[in-house]
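Asker: Have a look at this one.
The values are calculated or read from the model by the stated rules, or taken from the named source; none is laboratory data. Only a predicted model underlies this, so the values are computations on that prediction, with no experimental measurement involved. Cβ sites come from the backbone with ideal geometry, for glycine too, and all protein chains shown count toward neighbours.
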């Protein structure tokens, strides 16, 4: 059970890292791709827009396909989006890859609690959900701490 909790929380941290990396990469993106501040803002905002518009449909996917499948699909989308972003030759291509990453983040954020609810016994749920509640700040902080260690934004995307 605790291994499952660790995997689910780890998936959340990885997804949150994808959200946070855009903020730390903004100066590098502006220099390399000529992104304006508004465009860099949209790179960060795509995830929030997807969350506000896609939460209910993502929940329906969990019901239709199962929490584990949706969580795995979210991880695959994050990996595909990050890989495509690292290879993106233009800003529009990077925006499209951020959309895919954002979908992955949304799927993980919605499916993670469903997995925990299913696999953790009621007497342990407080601890499991306390750990889950840390996924966003942990992933964002990791992006902020690790981001400067990469020489280019593409390295951070990888």
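Asker: Read through the list (1) surrounded by 14 or more Cβ atoms within 10 Å (Cβ to Cβ); (2) in contact with a helix residue (DSSP H, G or I) (Cβ under 7 Å, 6 or more places away or on another chain); (3) under 26 Å from residue 124 (Cα atoms), then give the number of the only condition that residue 66 fails.
Answerer: Every condition holds for residue 66 apart from (2).
Asker: Can you run down the residue pairs with Cβ atoms below 7 Å, 6 or more apart or on separate chains, where the first is in segment 1-14 and modelled with pLDDT under 95 and the partner is outside any helix (DSSP H, G or I) and surrounded by 12 or more Cβ atoms within 10 Å (Cβ to Cβ)?
Answerer: Sorted first by the residue in segment 1-14, then by its partner, the pairs are 1/120.
Asker: Quick one: in segment 15-43, of everything that is touching a helix residue (DSSP H, G or I) at 6+ places or on another chain (Cβ under 8 Å), free of Cβ contacts under 8 Å to residues at least 24 places away in the same chain and closer than 18 Å to residue 86 by Cβ, which residue is surrounded by the fewest Cβ atoms within 10 Å (Cβ to Cβ)?
Answerer: 30
Asker: Condition first: more than 17 Å from residue 155 (Cα to Cα) and in a helix (DSSP H, G or I). Can you find one or more residues in segment 28-36 that meet it?
Answerer: No - not one qualifying residue is present in segment 28-36.
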